[in-house]
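Encoded as structure tokens, the structure appears first; notes follow it.
The values are calculated or read from the model by the stated rules, or taken from the named source; none is laboratory data. Since we're looking at a predicted model, the values are computed, not measured. Don't worry about glycine lacking a Cβ; one is built from the backbone with ideal geometry, like all the others, and counts go over all protein chains shown. SASA here: full protein model, heavy atoms, side chains in, ligands and nucleic acids out. Shrake-Rupley method; radii C 1.70, N 1.55, O 1.52, S 1.80 Å.
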Amino acid sequence: MSELSINPGIEIRDSERELQRFRGRLGILGIFVLSLFGLLFLRFFYLQVIQHSHYSTLAEANRISVLPIAPHRGIIVDRNGIQLAHNYSAYTLEITPSKVSDLDTTIEELATVVEISPRDRRRFRKMLEESKRFESLPIRTRLSDEEIARFAAHRYRFPGVEAKARLFRQYPQGDMFSHVVGHIGRINQKEVEQLETEDRLANYRGSDYIGKTGLEQSYEKFLHGTTGVEEVEVDSGGRAVRTLSRTPPVSGNNLVLNLDAKLQEIAYNAFGERRGALVAIDPATGGVLAFVSKPGFDPNLFVDGIDPQSWAELNGSIDKPLLNRAAAGTYPPGSTFKPFMALAALFYGKRTPQQAISDPGYYMFGGHRFRDDKVGGHGMVDMYKSIVVSCDTYYYVLANDLGIDPLSRFMGMFGFGSRTGIDIGGESSGVLPSSDWKMRRFKQKWYAGETISVGIGQGYNSYTPLQLASATATLANNGVMFRPHIVNYVEDIRTREKSPIEPKPLRDLGLNPEHLKVIQDALVGVNKEGTSARVFADAPYVSAGKTGTAQVIAIKQNEKYVESRVAERHRDHALFIAYAPADKPTIALAVIAENSGFGARAAAPIARQVLDYYLLGKVPNKPAPSEED
């Protein structure tokens, strides 16, 4: 046996075969790596060649910041140029909640640098609840130069807090014009959606405020202006390096009103502590000369966002200062309705001026006694006397003879029960009763007995002082009705071009001039020898007027109304309508003094002060007195 033998436990390796296998694997790996590089190359080619334009634009956008520039809001002035709403610039301290880790701690630390009052904190919390967290919200407004300097020295301690220069709206006349001029406020989500629907949202980039009420709201499109744009080059830290281009904003247009600020002041102050409203109109144009609702409120409270405590005080006040009594408050017209009733009688041929009735002091209908205000009555009463002495019995009988639907149709011609279309929002339509109205409202038929009280301006009658003033102006203007408008013209801030709000005659009622003269003569008689003669006894001008008293609560049949026994807010309202000079009227007005008793005692003296100033330039030194009948 040979010395060489094979050990079956030893494997002889095939080096050539293993080398080939290794080379195969290396080739596959090489192909894979080359494929990856190929894909990477294709991606680079796609990004750098095919998508070059797109990414170049993005890179440029990162380098350039486009900033909106809010325009200056147009100012509002009265007919004599007295400013009722204007702008001024000041610094505000603002917090972006999303950039602040601990909001409460930040506010407390800020308060050690700049004074932050409890009202500031309440207002900020209210805005925080209503806003998105990435929005910048003011914690303090109208900072002094000293406060700005202190904050600048400590700026590094407060990430997410900035001092910004802002334009602020101010209403220098305060509550006197609060309901007519209105106010601006921060834009809410509902308004954002509305602007987007109207395709106007782009013009509000950079703007925080919008008109909320009054002229600020109804003329928003004119007042706001056009937003500008600024392109700024920024560095990697987002800091501005230089301005590349700038399209300046266009300021909003100015509003010049028909209102006379001094007349408004006299009318407002004439009420004294009384609540009420007054509207004065130029009968020949419909221009509103005074528009008073008392009490009012300070519109400046709303500009930066009203704090919850102030809002609760206004909203919960028993005097309702937020109610625009002139346009939205509705009241029975009382005896101021009687001249229009008499004109309806002539219009329908139900009465002649000379036709008289005997007034025993009451009118019986359906077993119910409708009392006159004068015990024993006024004797024989024709149309002239019925207006001058304000005889209820005459109009009880007349209302029954007219019937509710003819009466309603005639009163509708004067605008009773319809919005006037005045150029501010929030106007009420009131209630002009008719058989159809009652069926719609109560699903009940009209009863003849209900017409009786309608004839003296009571019952379901309910109108705004604005409607009553508009109807009076139409009567003074011989039946030609104009739409009441507060704005006289819009002034273009760039060209100074004036765009008048043209007097817009709504209609000519086509009334018989002889019929009109009967009523107009009787209204002159009211101020000469009738219920308001004492108030106008020494007036150097001839005026026309009519007193009115409207019940707030009903009294029982045959029970006499005694004012001193009735709670103050349940007492009768005092009303008065007037125009002057009687032969060529330049002013017509309606006044209501809430819970103040007889019209001659409380409302007529207010009207006298207004007419004295407008016609004579006479300035009273105290509120209108309360005259006794």
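Placing unit charges on each Cβ (+1 for Lys and Arg, -1 for Asp and Glu) gives the chain a dipole about its Cα centre, and among 431, 302, 506 the Cα reaching farthest toward its positive end belongs to 431.
Distance between the 7 Å Cα→Cβ label points at residue 98 and residue 355: 7.6 nm. The Cα trace of the chain gives Rg and Dmax of 37.8, 170 Å, the first to one decimal, the second as a whole number. Dipole of region 66-257 computed with +1 at Lys/Arg Cβ and -1 at Asp/Glu Cβ about the Cα centre; of 176, 192, 89, farthest Cα towards the positive end is 176. 3J(HN,Hα) along region 104-111: 4, 5, 4, 5, 5, 6, 4, 5 Hz, from the Karplus curve 6.51 cos²θ - 1.76 cosθ + 1.60 with θ = phi - 60°, whole Hz, x for Gly and Pro.
If each residue of separation counts as 0.36 nm, what is the full-extension length gain between residue 566 and residue 23 once their alpha-carbon separation is subtracted?
Details: separation 543, 0.36 × 543 = 195.48 nm, distance 11.49 nm.
My answer for the length gained is 184.0 nm.
Amide H to amide H distances under 5 Å link residue 379 with 359, where only residues 5 or more positions off or on other chains count and H is placed in the peptide plane.
Relative to the current alpha-carbon distance between residue 409 and residue 40, full extension at 0.36 nm per residue lengthens the span by 124.3 nm. Distance between the modelled labels on residue 90 and residue 313, one decimal in nanometres: 1.8 nm (7 Å Cα→Cβ projection).
Based on the mean of other Cβ atoms within 10 Å per residue, sort peptides 497-503, 531-537, 438-444, 605-611 so the most packed one is first. Display every interim value, and only then the final one.
Working: 497-503: 12.9, 531-537: 20.9, 438-444: 10.7, 605-611: 26.3.
Peptide ranking by packing, descending: 605-611, 531-537, 497-503, 438-444.
At the residue level, residue 528 shows approximately 140 square angstrom of accessible surface with a 1.4 angstrom probe and all protein chains present.
Which pairs in the list 212/504; 385/528; 294/618; 546/622; 126/294; 262/498 are over 19 Å apart, alpha-carbon to alpha-carbon? In this structure, 212/504; 294/618; 546/622; 126/294; 262/498 lie more than 19 Å apart at Cα. Dipole of the chain computed with +1 at Lys/Arg Cβ and -1 at Asp/Glu Cβ about the Cα centre; of 567, 203, 448, farthest Cα towards the positive end is 448. Counting only Cβ charges, +1 for Lys and Arg and -1 for Asp and Glu, the dipole size of region 66-257 around its Cα centre is about 180 debye.
Residues whose amide H falls under 5 Å from that of residue 506, counting only those 5 or more places apart or on a different chain, are 481, 482, 483, with hydrogens built in the peptide plane.
Overall, the chain carries a charge dipole of about 760 debye about its Cα centre when +1 sits on the Cβ of Lys and Arg and -1 on the Cβ of Asp and Glu, all other atoms neutral.
Extension gain, residue 188 to residue 619: 0.36 nm times the residue separation minus the Cα-Cα distance gives 150.8 nm.
Using a simple spin-label model with pseudo-atoms 7 Å out from Cα toward Cβ, residue 164 and residue 197 lie 2.7 nm apart.
Run through region 307-371 and list the chymotrypsin sites (Phe, Trp or Tyr not before Pro) located in a DSSP loop whose Cβ has at most 13 other Cβ atoms within 10 Å. Don't skip to the end; give the middle numbers.
Working: sites: 311, 337, 340, 347, 348, 362, 363, 365, 370; in loops: none.
Answer in residue order: no site qualifies.
Which order do the peptides 93-103, 508-518 take when ranked by the mean count of other beta-carbon atoms within 10 Å per residue, highest first?
On the way: 93-103: 15.8, 508-518: 14.1.
Peptide ranking by packing, descending: 93-103, 508-518.
Evaluated at q = 0.15, 0.17, 0.20, 0.21 Å⁻¹, a Debye calculation over the C-alpha positions of region 286-415 (equal weights, vacuum) places log10 I(q)/I(0) at -0.81, -0.92, -1.12, -1.19. For the chain, the longest principal axis of the C-alpha atoms and the axis of helix 338-348 are separated by about 80°. Against the chain, whose longest principal axis is taken from its Cα atoms, helix 465-476 shows a tilt of about 50°. The H on the amide N of residue 209, modeled in the peptide plane, is under 5 Å from the matching H of 187, each at least 5 residues off or on a different chain. For the chain, relative contact order (Cα pairs under 8 Å, six or more residues apart, normalised by length) works out to 14 percent.
Multiplying each eigenvalue of the alpha-carbon gyration tensor of region 66-257 by 5 and taking the square root yields semi-axes of 29, 22, 17 Å, largest first, rounded to whole angstroms. Every helix of 4 or more DSSP H residues in the chain counts as -39500 (n - 2.57), and over all residues that averages to -10500 deg cm²/dmol at 222 nm. Backbone geometry of region 567-579 corresponds, through the Karplus equation with coefficients 6.51, -1.76 and 1.60 at θ = phi - 60°, to 3J(HN,Hα) couplings of 4, 3, 7, 9, 6, 5, 7, 9, 10, 7, 10, 7, 8 Hz, x marking Gly and Pro.
Return the ratio Rg/(2.2 N^0.38 Å) for region 341-479, where Rg is computed over Cα atoms only.
Working: Rg = 15.7 Å, N = 139, 2.2 N^0.38 = 14.3 Å.
Output field value: 1.10.
Applied to region 286-301, the Karplus parametrisation 6.51 cos²θ - 1.76 cosθ + 1.60 on θ = phi - 60° returns per-residue 3J(HN,Hα) values of x, x, 7, 8, 8, 8, 10, 9, 10, x, x, 8, 7, x, 5, 5 Hz, with x for Gly and Pro. For region 503-533, the residues whose amide N sits under 20 Å from a probe point set 7 Å from the Cα of residue 380 along the beta carbon direction are 522. Peptides 316-328, 145-157 ranked from most to least packed give 316-328, 145-157, packing being the mean of other C-beta atoms within 10 angstrom over each peptide's residues.
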